[in-house]
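Here is the structure we will look at, set down as C-alpha cells.
The values are calculated or read from the model by the stated rules, or taken from the named source; none is laboratory data. Bear in mind that the values here come from a model prediction, so they are computed numbers and not experimental data. In this analysis, Cβ positions are derived from the backbone assuming ideal geometry, glycine residues included, and neighbour counts consider all displayed protein chains. Accessible surface areas use protein heavy atoms only, side chains included; no ligands, DNA or RNA. Shrake-Rupley method; radii C 1.70, N 1.55, O 1.52, S 1.80 Å.
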Amino acid sequence: MAALMRASREARSKLRPLSSISRRIATYHDPDPLASGKDRSFCSQSRHNCREGVVDLSQYPPERIRNFSIIAHVDHGKSTLADRLLELTGTIKRGHGQPQYLDKLQEAAMTPKSISFSLKLVLLCICTEVERERGITVKAQTATMFHRHTVGGTNSSDKQDSPSFLLNLIDTPGHVDFSYEVSRSLAACQGALLVVDAAQGVQAQTVANFHLAFESNLTIIPVINKIDQPTADPERVKSQLKSLFDLDPEDALLTSAKTGKGLDQVLPAVIERIPSPDGKRDSPLRMLLLDSYYDEYKGVICHVAVVDGALRKGDKIGSAATSQTYEVLDVGIMHPELTSTGVLFTGQVGYVVSGFKPAKHMVFSGLYPADGSDFDALNHAIERLTCNDASVSVMKETSTALGMGFRCGFLGLLHMDVFHQRLEQEYGARVISTIPTVPYIFEYADGSKIQVQNPAALASNPGKRVAACWEPSVIATIIIPSEYVGPIITLCSERRGEQLEYSFIDSQRALMKYRLPLREIIVDFYNELKSITSGYATFDYEDSEYQKSDLVKLDVLLNGQPVDAMATIVHNLKAQRVGRELVDKLKKLIDRQMFDITIQAAIGSKVVARETLSAMRKNVLAKCYGGDVTRKKKLLEKQKEGKKRMKRIGSVDIPQEAFHELFKIS
Amino acid sequence: MLRYATPLLFSCRIPPSIKTLAPLPSPSFLPIPDPKRPPPVCRYSSSTCNYVHLPFCRRRCHYCDFPILALGSSAANAAAGDDDDDDPRIANYVRLLLREIEATPKPGSGDEPPLQTVFFGGGTPSLVPPRLAAAVLGALRARFGVAARAEVSMEMDPGTFDGGRLREFVELVGVNRVSLGVQAFQEELLRACGRAHGAAEVREAIGIVRRCEGLENWSMDLISSLPHQTAEMWAESLRCAVDARPTHVSVYDLQVEKGTKFGQLYTPGEFPLPTESQSANFYKMASEMLTAAGYSHYEISSYCMEGYECKHNLTYWQNKPFYGFGLGSASYINGARFSRPRRIKEYAEWVQKLEEGAVNHETSNVEVKDLAMDAVMLSLRTARGLDLQSFRRSFGEGLAFSLCKAFRPFVENGLVVAMDEERGTIPPRDFIKLQISSDDELEDISSDDELEDRVAFIRLSDPDGFLLSNELISIAFGVISP
C-alpha cells in the first residue's frame, strides 16, 4: 500500500506529459508558418499590435522560449511580482490598474495596494468568490509575455536589435491542498522564481514548494522580495536559503515588487539561467494539460504546454489516458486574454478550446440537494463545476435520510470547502454535505477487504469479525514560534500524532514533523493550530502511507432509527467522546417536536451516548384576534415554511444546519 | 396520560345551528375546473354578522397590541365614567363610524336576512356613552336590519360602568350579552399587566353584571401565563370564575407581542413568565376545572354552558362572511378579507374614500388552496373539528386523504381524534388500518369508500391537541400548499 502511494506521488512530481497523439487531418488552414509570418511581419515590431493581430509564433523556436513559474508562501508577494513582470513586458499597461493580474486580484482584498477601489471592484468580479474570500489562489492562471534581451549583453542600449523571447509565466496555486495543481504547473516549466519575503523568511509553503520544484528538476532563481520593508533582513533569508535548500546566496535577486527596485534583473535572469524547453519539433504532438475550465460561451478551455511537435486549429487530438478524441476548435496564447494564434509550436504554452490525470482523493463527503427536488439542478451544477475542476471524483449515492445525492472525493478539506462554496455561489445550488471522511480499509476475518469512502456503506453489524483496519496518514510540517511548542505537542498528541522531528530553524522558531492520521486533520486541525498560536503557525502536509488503526463505525440513531448520513468512522478510544459530543450537539440543534425524541450514538448494538429531547408541550395562539384570520394565517404559513426547510428522518424533523454543525466534531 | 384518550364530550352539546355548515354555494367566481366541486364561499352570500370596533381605553395594557386610543386616566375616580361621556374624541370617532356604516354597500338585491349578531369589541366599548353606542346600532339597523333575537355583545371592563350604565346599555342599546374583561383576580397580577382596574373593581363588576335584569348571558375573560403567575393563583382565578357562574368563559394564553411593553420586557418561557411546561399545565387546569364545572370546551380558548356558544365568534370559525366596522377591524365579505387602517388618521382618510366610491370592492382572486387553508385553520380550533365530508366535496378526495395521512402519527399519539358521523371516536388502530389499506400497502380488507364513510370529522384532542394547534395546523398547511 505504502509503496503504491509513493509511486503515484513520484509520478505526479515528474514531468509526465499527458501525451496526446496528433492525427492531423488535412485542412483548409494553411500551416505554412513562413507565409503567415510575412503577412504579419509587423507584428513583431510592436507588442501592442501583436495583441490586436495574430502573433506569429513560428518566430519563437524553443531556444527563444522560457517557461517558468513563481512559487512562494502565501502573501510573500508572488502576485505583485507577477503583475510587475507583466507590466515590464507591456503585456498589461502600467498604472492601468490591473495589479495582480494572474491572481485576478484575490489577494488585493486582504492587503492594501495602491490602486483605485473601483478598479478593484471590477477585477473582483472576475475572480471566483472563493478566492476573494480566502485570499488564496486556487486555480492556476498563465500568461505569455514577449521580452527583448541580448544574452550576455548589457541590456538597454541595444534593446531594439535584441532578439525577442517568448516567456510563459505559469502560475501555481498557493495552498497545500492544491499541490496536485502545483505539480502540474511545474511540470510545464524549466525554472521557477522562489519568492521569499525579506522580513518573514522561509515559511512552510516555501519549503513544500521548493521541494516540488526541486523534484521536478527546475532551475531555481531565489528572489528575496519586499526589501523595502523596515524589518527586511535579506542576509538572514540568504543564510536560510543556504542552510535549508543549499542555494548559493550570490544567486539571490533582491527586489521590491512594490517600489520596483531590482525588478529589471528578473527577466534577464529568467532568460539567462533557465534552460529552454527541450522538445522535439519534428516529432508527433505531445502536450501537457495544465488546467481546464468551463467558459459559458466557449465551452471547455484547456491550458496546455506543447512538449513535442505542434498543435494547430482543426487538428484532432486524442487523450492517451481515455483514448477519447477531440477536435481543436481554437488555439492560442494567454496574453493575458485569450489571443487566438491558430497554432502552438514546440515548447510553447497556450490554450486549446476542447477535458482530461486522476487525482488521489483523500477526503470524501456526500453532497445532497437541500431540497430533495433540486437533484437535477445539483447534478447539473456539479457537472459544470467538475469540468473546471476535474480533480473532484463524483459518484451517485442514495441516503435514506437525504435522498439522492453524490459521494464526492476531494484532494483535501479546503478543496472540499472551495467546491462546496463554488456550487452555492456560482451555481446557486443549496447543498447539505455530510461529515467528511477519509478512505479507510477494513479487512474481515474471512480475508475480504473493502475500501470505505462512505461510513454508511460499512455494515454496523457485519456478521463477521473485523480482522484489521487501516487509515491514511500524513506527514505534517509545522513551523511555530518556540513559545507555542507545548500546546502544539498537546494538540498533536490529542490528534493521535506521532512526533518524527523537532528542531529549531532559528532562535525563535521551531520546526516539528508529525505523522498524523488524515482523519484528525481534515476537520478543524488547521483552525485549532492557528488559534492556539494566534495565527503564527505555518502548516503543510504530505500524504504518507496507510496505518493500522483500531477503528469503529459510530451510528447516530433518532428514535432508534439510524441516520445514515450522520454515521462516522472513529478511533475506538475516541468513540465515546465523539458519540457524546454528537448527541449533545444534536439535542441542541433539533427543535422540540410533538413527541419525545431519543438521540443515541452506538457502535454496533452498543449505545455509547444517549439523550432524550422531550416533546413540545405547547404551541397555540389562544386568541383568534377579532376575526383577523389573515394575521394568524401568515404566522402559521411561516411555521409551515420553517418545516419545509427541515429534513425529515423517520418522523423527526432535522434542521439543515444540524448537518453542517456536526462537521465540527472530530 | 390517559387524559386525551377520554372520549369526547361534545357530540351532545353542539347545538343544531352549528351542526351543519353553511350550505355550499354555487356561483362561479372561482376558476375551479371540476363542476362537481362548488367553491365553499359564495360571492353573494350575505353576512349576518357584524363586528364594531370601539377603540377607547383608559390606558394601554402592557400586553396589548390592538388598535386602541388611550383616553388617559381622567375618569379613574368615577366608576360610571361620566367624564368620558363628553369626550369629543369619542363623539368624533363614532361620527366616523356612522359614516362608514352608511357608505358600506349592501351586497345583492336587498332582501338579505337581517344581522344575527353584533359585537362591540375594543378597546373598552363600555367607555363609550350608551347613547352613542345606540346610535351605532341604529345605523346598523337602518342599513342592514337587525334580527329581533340577534346576539348583541359588548366587551366591558371592570371599573368603567355601574349598575345604571349597564342598564342603559341593555335597555337603550339592546346589549344582551356582556363580555367582562376580568383577566385575573389578583391585585398584583392586574397591576403587573397594566390594567386600569383592581381586584375590588373586578368583584364589584361581577356583582353588577349578575344583578342586572334581562342579562343572563355573560362571558368572563381570563388570561393565563401572566408574569409571576403561579399555579395557585391560576387555580384561584378559575375557582372565582366558576363561582361567578358566567354562561361563557374565554381563557386566553398570554401572547407576548412585538412592540408591547411585555414584548420589550419578557421572553416567552423565561422568568418571570411561566415555563412552557407550566404554561401548558395552566391550560390543562382550565380545561379540567371548567369542564368539571359543567362548561363545554367548544373552542381552543372558549368554554360555555350548554347552548351559550358565542354566536358571533362561531361565524369566524365556520368561515362565514362578516362585516367589520371601525379602526383596524377585519371584514370578510364576498370572499375578500380586508383589514381597515389601524391609525385613526388613515382610517378617516379611508372612510372618506369609501364615501367617494374610491374604495375597490372587487374581490381579488382567491385561490382554492387559501380557502382550504382557511377551512382547516378555523375548524380545527373548534371541538367540532373539520367536517371531512364537506371538505371532500369542496376540495376533493385526494386532498382529504393526504390530510388524514399527514395526521396519522398524531392520531396514533392522541393529539388528533378521528370521528365517525355519529361523532363516535374511531380508535387509532382502526384509523391507521383504514389509512394503510387505502395506501394499497395491504390487501384491501376495506376500500377507500369505507374510509370515506367512516371518518366524518377530525378534531384536535383536548387539551393536548389544542395545545399544539399551531404545529398541527401548519402540518395541514404543508399538505394543502406544499
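Relative contact order for the range A:422-530: what percent, with Cα pairs under 8 Å and sequence separation of 6 or more?
Values: 147 pairs, mean separation 25.7, N = 109.
24 percent.
When only DSSP loop residues count, what trypsin sites (Lys or Arg not before Pro) in the range A:412-505 have their Cβ near at most 13 other Cβ atoms within 10 Å?
On the way: sites: A:422, A:430, A:449, A:464, A:465, A:495, A:496; in loops: A:430, A:464, A:465, A:495, A:496.
Answer by residue number: A:464, A:465.
Counting, for every residue in A:631-638, the Cβ atoms of other protein chains within 10 Å of its Cβ and taking the mean gives 5. Peptide B:462-473 has a mean shielding of 5, counted as Cβ atoms of other protein chains within 10 Å of each residue's Cβ. Taking only the C-alpha atoms of the range B:157-236, Rg followed by Dmax gives 13.6, 42 Å. Based on protein heavy atoms only, the range A:553-664 ends up with 43 Å² per residue of surface accessible to a 1.4 Å probe. Per-residue accessible area (protein heavy atoms, 1.4 Å probe) orders A:282, A:315 as A:282, A:315, starting from the largest. When B:258, A:643 are compared by accessible surface with a 1.4 Å probe, the order from highest to lowest is B:258, A:643. Note on the range B:41-317: with neighbouring protein chains present and a 1.4 Å probe, carbon and sulfur make up 49 percent of its accessible heavy-atom surface. A compact globular protein would have a Cα radius of gyration near 2.2 N^0.38 Å; the ratio found for the range A:415-532 is 1.39. Computed with a 1.4 Å probe on the full set of protein chains, the accessible area for residue A:557 sits at about 30 Å².
Counting only the heavy atoms of the protein chains, how much of residue A:231 is accessible to a 1.4 Å probe, in Å² to the nearest 10? My reading of the accessible area for residue A:231 is about 100 Å².
Send over a whole-number figure in Å² for the accessible area per residue of the range B:41-317, probe 1.4 Å. Display every interim value, and only then the final one.
Numbers: 10500 Å² over 277 residues.
That works out to 38 Å² per residue.
Ordered from largest to smallest accessible area (heavy atoms of protein chains, 1.4 Å probe), the residues A:540, A:506 come out as A:506, A:540.
Please report the projected area of the range A:553-664's Cα convex hull averaged over all directions, in nm².
On the way: hull surface 30.3 nm².
If I average the Cα hull's projected area over directions, I get 7.6 nm².
Computed with a 1.4 Å probe over protein heavy atoms only, the accessible area of residue B:338 comes to about 80 Å².
Rounded to the nearest 100 Å², what's the accessible area chains A and B bury against each other, both chains counted, probe 1.4 Å?
Numbers: alone 29490 and 21540 Å², together 47490 Å².
Buried: approximately 3500 Å² between B and A.
Label sites at residue A:246 and residue A:464, each approximated as a point 7 angstrom past Cα along Cα to Cβ, lie 5.1 nm apart.
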